[in-house]
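Report on the structure given below.
The values are calculated or read from the model by the stated rules, or taken from the named source; none is laboratory data. Source: prediction; values computed, not measured. When we count neighbours, we look across all protein chains shown, and the Cβ atoms used for this are built from the backbone with ideal geometry, even at glycine. Side chains included, ligands, DNA and RNA excluded: accessible areas come from the protein's heavy atoms. Shrake-Rupley method; radii C 1.70, N 1.55, O 1.52, S 1.80 Å.
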There are 2 protein chains.
Amino acid sequence: EGRAAALAAGWLCCGALAVAACGGPALREVLSPFAALLHRGAAGRGGEPGCRPACPCPLPSGDTALSRLVRRLLSARRSLDLCLFCFSCPQLGRAVQLLHRRGVRVRLVTDAQYMGLHGSQIGRLRHAGIQVRHDQHSGYMHHKFAIVDQRTLITGSLNWTSQAIQSNRENVLVVEDAEYVKAFQDEFERIWEEYNPANYSFFSQRQNE
Amino acid sequence: EGRAAALAAGWLCCGALAVAACGGPALREVLSPFAALLHRGAAGRGGEPGCRPACPCPLPSGDTALSRLVRRLLSARRSLDLCLFCFSCPQLGRAVQLLHRRGVRVRLVTDAQYMGLHGSQIGRLRHAGIQVRHDQHSGYMHHKFAIVDQRTLITGSLNWTSQAIQSNRENVLVVEDAEYVKAFQDEFERIWEEYNPANYSFFSQRQNE
């Protein structure tokens, strides 16, 4: 059966790294569970700056799931396409803004009903000049994926919120297989165009298409 | 770079199939977006039994994302391990009960705060004799994955609810790469043991571990 030749899969808890298999450049990676160890009453444990909501440093460091996610994002050189149900994590917001300032083309699609909630990063990102589009229907735009340089797909159960990162049991896959990336990139372009404000159709003119 | 030899990736809307690449046995598949076409005012379109909440047939049929997901589940011969934040979709509930009646070993982990909500399938599944465990902490058990026969991983953004299947923009990956499956299987076994009622620790005796 066809299997990837080079693969790195690791389960990563905040502050605890367990690599299941490593070989060559990391084609794939599993960042998860986010913060699982925190569930076990680990109050007071140090060395997890990425998990502290009031962290004084601008970006998470160390070997947490969050810091590894941020490093994946910061590896972008040309483009970052984000398709996120909700986005309130300040550290991830800072990373995205940093990329924008570096000249990386950032595009963000999000859910209309969640983008305005308290703590959302969407307003800040728009204010910083980042292109944002949102859905226009009653269902949720429930994807939670990012594509770095049209080459690396980051997807999973994780909403980009501090609550999810700090408290939930989550999984995040990092995938560089071209077929996977293409499928999600195609979906991103489809959504990006569908949510173009120029195409808004509030009274469903499209019903007869 | 290492890439899978045989791969099938398809974006599947309710009632509309677009296969991106096909070759040999489907090692991987992308079922998504769920119900995206419904957003475009497709009221009255027929041929989508899997998308009708009041469908008279017990299981979805045709070529919808839901029917393909159900077929993946029904392919189980030995085991089905479910790790689901919430579970209210009746069609998926029926499929899981059918597998249980066939003698497939079904185990289900879910979130304590969502399992009792109106419309949840958890009570029915327990009543049918299926083993269910749930988390015991304030954060969410937010995974949404299934593992068929310890060989096929089904994971993504999709919660197993009718709302998500009918109305949301979602993605579901079907993966048979052994390393991926193992990572999720290991996570399942870890959670299954952690949520064993015999191991409940309401007063966090584990803090000093």
- the range B:43-99, residues that are open to solvent by less than 50 Å² (accessible area, probe 1.4 Å) and at pLDDT below 85: B:Glu48, B:Pro49, B:Gly50, B:Cys51, B:Cys55, B:Cys57, B:Leu59, B:Pro60, B:Gly62
- Task: Given the conditions (1) more than 17 Å from the chain's Cα centre (by Cα); (2) more than 7 Å from chain B (Cβ to nearest Cβ), report the number of the one that A:Glu179 does not fulfil.
- Result: (2)
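This table checks each residue for (1) polar (S, T, N, Q); (2) in contact with a helix residue (DSSP H, G or I) (Cβ under 9 Å, 6 or more places away or on another chain); (3) more than 21 Å from B:Glu170 (Cα to Cα).
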position	(1), (2), (3)
B:Leu66	no, yes, no
B:Leu73	no, yes, no
B:Arg77	no, yes, yes
B:Ser88	yes, yes, no
B:Leu92	no, yes, no
B:Gln97	yes, yes, yes
B:Gly103	no, no, yes
B:Leu108	no, yes, yes
- Within the range B:111-131, of all residues that are out of contact with any helix residue (DSSP H, G or I) (no Cβ under 6 Å at 6 or more places or on another chain) and either within 14 Å of chain A (Cβ to nearest Cβ) or among the polar types (S, T, N, Q) (or both), the one surrounded by the most Cβ atoms within 10 Å (Cβ to Cβ) is B:Asp111
- All but one of (1) within 14 Å of B:Asp111 (Cβ to Cβ); (2) at pLDDT 95 or above hold for B:Ser138; which doesn't? (2)
- Would you check if there is a residue in the range A:132-150 being in contact with a helix residue (DSSP H, G or I) (Cβ under 6 Å, 6 or more places away or on another chain), in a loop (DSSP other than H, G, I, E, B) and closer than 16 Å to A:Asn196 by Cβ? yes
- Restricting the search to the range A:166-175, which residues are outside any strand (DSSP E or B) and either more than 8 Å from chain B (Cβ to nearest Cβ) or surrounded by fewer than 21 Cβ atoms within 10 Å (Cβ to Cβ) (or both)? A:Gln166, A:Ser167
- Query: Of the residues A:Gln163, A:Gln136, which single one is closer than 24 Å to B:Ser162 by Cβ, within 14 Å of chain B (Cβ to nearest Cβ) and open to solvent by 10 Å² or more (accessible area, probe 1.4 Å)?
  - Reply: A:Gln136
- Message: Residues that are within 14 Å of chain A (Cβ to nearest Cβ) and free of Cβ contacts under 8 Å to residues at least 40 places away in the same chain: does the range B:88-109 have at least one?
- Response: no
